[in-house]
Amino acid sequence: MINRLLEAYQPLLEALHDGPLSAWTEQLPQQIEAGLCPHRYGDLPQWLEALAALPHIVPSSVHLLERVEIGGPGDTTEEQQQSLRKALEALIPWRKGPYCIHGIHLDTEWRSDWKWDRVLPHLAPLKDRLILDVGCGNGYHCWRMLGAGARRVIGIDPSPRFVVQFRMIKQLAGEHYPIDVLPLGIEDLPEKLQAFDTTFSMGVFYHRRSPMDHLQELKNTLRPGGQLVLETLVIEGKLGEVLVPEGRYAMMNNVWFLPSCETLLSWMRKMGFKNPRVVDVCRTTIQEQRSTEWMRFHSLPEFLHPEDPSLTAEGHPAPIRAVFVAEV
């Protein structure tokens, strides 16, 4: 099954061969293979078995503009419907979505569509753009970018579970779509690619130990005139104020920096971004992030203080997310 998964990337490699990412294609096959090493991820074989068991269904329709919906009434037999649900359930937890797949509603942990609705009005038009989505999870936002007219979307995320989830969705939607998710982190990209028209980093920044290094990594992916879209946790505060949790933040042990909006804007200016601006600030609610049938573990309601939901379980300010946009 690993070989079949690797073969699925061949159209991407061929498409990139003569473009601005051509040099990357020399090392990309080895990087993909290393990112899908079953010796590093013990559950990968069973995820691949679920992918192999996915029934072959030709969808009568695929909607990507206002939602991600694959298939219509009458596309599946009852047996196919049962096999489809079983395969999708084998990849639980599903964190980003929602998806509607042949009548099956994947009610994911995150209402990622709400975030997309907040972000999209503030972007340069995505039509015909080459897009990178850093830390894309199972690729939900990548599909919405494609629905908005992108020429090609490449997502990167080091979690093989998310990569296999994406492969399930693409296999069901159709292999002809110019969209891929690679099992890589941003540190695996060649330095100074300077190739993408738009780079997204949503929900990644606070997981990076060095915020300046991450800003530089993101900048290096963009062509001159390209646009960065950065979404991250922030705190209310003045210029220079930053929360550095000594322990966990909202039960997460890998949260390093939560700056105020003014502080992050100053960091972006220092790293050479042009016209950085805040386009949205939103407090995360338990309606946007919660446990569901498709994500059965603890979520935001359990991560907040039981007596004061304006605080995290540890007593920090509860999650506020902001979207920043800038050019290079």
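Positive end of the dipole of segment 213-290, charges at C-beta (+1 Lys, Arg; -1 Asp, Glu), about the Cα centre: which of Gly225, Pro245, Trp256 has its Cα farthest in that direction?
Of the options given, the answer is Gly225.
Please report the carbon-and-sulfur percent of the accessible area for segment 1-60; probe 1.4 Å, protein heavy atoms only, DNA, RNA and ligands left out.
On the way: 1750 of 3520 Å².
Whole-percent figure for carbon plus sulfur exposure: 50.
What relative contact order, as a whole-number percentage, does segment 1-76 give when Cα pairs under 8 Å and 6 or more residues apart are counted? Intermediate values should be presented prior to the final figure.
On the way: 36 pairs, mean separation 16.5, N = 76.
Averaging sequence separation for qualifying contacts and normalising by length gives 22 percent for segment 1-76.
Want the number for Gln80 to Arg209: 0.36 nm per residue separation, take away the alpha-carbon distance, what's left?
Difference between extended and current length: 41.9 nm.
Can you give the accessible area per residue of segment 1-112, in Å², using a 1.4 Å probe?
Each residue of segment 1-112 exposes 53 Å² on average to a 1.4 Å probe.
Under a 1.4 Å probe, what is the accessible area of segment 209-328 per residue, stated in Å²?
Values: 5750 Å² over 120 residues.
It amounts to 48 Å² per residue over segment 209-328.
How many angstrom separate the Cα center of segment 189-241 from the Cα center of segment 1-78?
Using only Cα atoms to place each centre, the spacing works out to 26 Å.
Do any trypsin sites (Lys or Arg not before Pro) in segment 95-160 lie in a loop, going by DSSP, with at most 16 other beta-carbon atoms within 10 Å of their beta carbon, and if so which?
When the trypsin sites (Lys or Arg not before Pro) of segment 95-160 are filtered for loop state and at most 16 Cβ neighbours within 10 Å, Lys127, Arg151 remain.
Give the carbon-plus-sulfur fraction of the accessible surface of segment 251-328 in %, rounded to a whole number; probe 1.4 Å, heavy atoms of protein chains only.
55 percent
How many Lys pairs in the chain lie less than 23 angstrom apart by Cα atoms, where the lysines are 8 or more positions apart or on different chains?
17
Give me the one-decimal nm value for the distance between modelled label points at Leu239 and Asp43, 7 Å along each residue's Cα-to-Cβ direction.
4.6 nm
Which order do the peptides 175-188, 67-80 take when ranked by the mean count of other beta-carbon atoms within 10 Å per residue, highest first? Before the final figure, lay out each step's value.
Values: 175-188: 18.0, 67-80: 15.4.
Ranking the peptides 175-188, 67-80 by packing returns 175-188, 67-80.
Would you mind putting 204-211, 56-63, 282-289 in packing order, based on average other-beta-carbon counts within 10 Å, highest first?
The most tightly packed comes first, giving 204-211, 282-289, 56-63.
Quick check for me: using +1 on Lys/Arg Cβ and -1 on Asp/Glu Cβ, what's the dipole size of the chain about its Cα centre, in debye to the nearest 20?
Result for the chain is approximately 640 debye, rounded to the nearest 20.
List the relative contact order of the chain as a percent without decimals, with contacts defined as Cα pairs under 8 Å and 6+ residues apart. The partial results should precede the final answer.
On the way: 639 pairs, mean separation 51.0, N = 328.
Result for the chain is 16 percent.
If I model a spin label as a point 7 Å beyond the Cα along the Cα-Cβ vector, how far apart are those points for Arg248 and Ala23 in nm?
A separation of 4.4 nm, rounded to one decimal place.
At 0.36 nm per residue, minus the direct Cα-Cα distance, what do Tyr177 and His298 gain on full extension? Give it in nm, one decimal, please.
Going from the current span to full extension adds 40.1 nm.
Give, rounded to the nearest 20 debye, the magnitude of the charge dipole that segment 120-187 has about its Cα centre when Lys and Arg contribute +1 at Cβ and Asp and Glu contribute -1 at Cβ.
It comes to approximately 180 debye.
Using a simple charge model, +1 on the beta-carbon of Lys and Arg, -1 on the beta-carbon of Asp and Glu, nothing else, what dipole does segment 152-208 show about its Cα centre, in debye to the nearest 20?
For this selection, approximately 160 debye.
For Tyr41, Tyr9, give the ranking by accessible area with the largest first, probe 1.4 Å. Kindly include the intermediate steps, with their values, before the conclusion.
Details: Tyr41 55, Tyr9 5 Å².
Heavy-atom accessible area, descending, gives Tyr41, Tyr9.
The values are calculated or read from the model by the stated rules, or taken from the named source; none is laboratory data. Because the structure is a prediction, the values reported are computed rather than measured. Cβ atoms come from the backbone with ideal geometry, glycine included; neighbour counts cover every protein chain shown. Heads up: the accessible areas ignore ligands, DNA and RNA and are worked out on the full protein's heavy atoms, side chains in. Shrake-Rupley method; radii C 1.70, N 1.55, O 1.52, S 1.80 Å.
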